[in-house]
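Single-structure report; data block below.
The values are calculated or read from the model by the stated rules, or taken from the named source; none is laboratory data. No experiment lies behind these values; they were computed from the predicted model shown. Quick reminder, even Gly has a Cβ in these numbers, built from the backbone with ideal geometry, and neighbours come from all protein chains shown.
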Amino acid sequence: MIRIALTLGYDGTEFHGWARQPGLRTVQETLEDALEMIVRAPVRVVVAGRTDAGVHARHQVVHFDLTEEQAGRVIGRSPDGLEAALVRRLDGTLARVLGSLRGSVVVQRAAQAHPAFDARFSALDRTYSYRIADDRSAWDPVSRHTAWWVPERLDIDAMASAARLLAGVHDFASFCKPREGATTIRGVTSAAVGRGADGLVQVRITADAFCHHMIRMIVAALAVVGRGESGPERIAARLAGQWQGPVPAMAPPHGLVLEGISYPPDAELAARNAVTRALRTPDLGGSGGVR
């Protein structure tokens, strides 16, 4: 088998998230349907991180396997190698699958990967950004699908102070929608809040993994701090499991972008896979898995 890693970006506005759902348009279904048309056999991809409906990705990563015969079908009579032929053919096939949404999913790169590479379990970390327009003059209809519009000016210094408390290994149960059998312990490498050149507030968080709705719940909590309705101590109390008050609603999905994913060298893939597949518990600290 030949393992292929694809890097792709997508505008999530018209999709019901990444994962296949009966009767709904999703990014996974779109990509797999295009691959099946090229390979002439069903192809199932493994994704680095599933995104919710309306969430975007600048650099998402997936992997899948092809037989040598299937790889030959991809190349056909093309003088290109497998990787170049796959990207070129996906350009045309995705355009046909997407129809009026052409260009909303773009494959940026294809590469033959090490057999131990796993888009999900080999990842070292994932980085997401979230943009907020907190000034009516910045409520741009052209970019309304990529920023959360709020009517009040936010105190980004207070938000930045609160965000810094997120760094480290914590139980993010109060910032997640729990899933049975899954851990809510995550290791956040960095969490920062600032203003971009366009004047919008940007929250940027890097972690080994994220649990369900984690970033959108964090952004909602940071916005509460930015509005002056609470101080950073509420973030600290929630991380410590000591907060008993109301939990703010999630921030809307359309301000969220998966910016990128990092992976170790090939020689370290197997070890990373083993660590990530292990179920993390509090006593494992930063060395445990993130399943």
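Please enumerate the residues belonging to region 17-38 that are polar (S, T, N, Q) and within 14 Å of residue 62 (Cα to Cα). Residues satisfying the conditions are 28, 30. The residues of region 192-217 that are basic (Lys, Arg), more than 14 Å from residue 164 (Cα to Cα) and surrounded by fewer than 20 Cβ atoms within 10 Å (Cβ to Cβ) amount to a single one, 195. Only residues that are surrounded by fewer than 18 Cβ atoms within 10 Å (Cβ to Cβ) and outside any loop (DSSP other than H, G, I, E, B) were counted across region 172-189, and they come to 2. Candidates in region 136-150 are the residues that are among the hydrophobic types (A, V, I, L, M, F, W, C) and either in contact (Cβ under 8 Å) with a residue 60 or more places away in the chain or not in a helix (DSSP H, G or I) (or both); of these, the one that is nearest to residue 218 (Cα to Cα) is 148.
When we screen 71, 53, 84 for residues that are touching a strand residue (DSSP E or B) at 6+ places or on another chain (Cβ under 9 Å), outside any strand (DSSP E or B) and over 30 Å from residue 13 (Cβ atoms), the only hit is 71.
In the list 25, 40, which residue meets the criterion of being among the charged types (D, E, K, R), at pLDDT below 95 and either more than 14 Å from residue 253 (Cα to Cα) or buried (at least 19 other Cβ atoms within 10 Å of the Cβ) (or both)?
When all the criteria are applied, what remains is 40.
Considering only residues of region 151-162 that are in a helix (DSSP H, G or I) and touching a residue at least 60 places away in the same chain (Cβ under 8 Å), which is surrounded by the fewest Cβ atoms within 10 Å (Cβ to Cβ)? Ranking the qualifying residues of region 151-162, first place goes to 161.
The sole residue among 228, 260 that is more than 18 Å from the chain's Cα centre (by Cα) and either touching a residue at least 12 places away in the same chain (Cβ under 8 Å) or at positive phi (or both) is 228.
For residue 96, the conditions (1) surrounded by fewer than 17 Cβ atoms within 10 Å (Cβ to Cβ); (2) touching a helix residue (DSSP H, G or I) at 6+ places or on another chain (Cβ under 6 Å); (3) closer than 14 Å to residue 33 by Cα; (4) not small (Gly, Ala, Ser) are fulfilled apart from (2).
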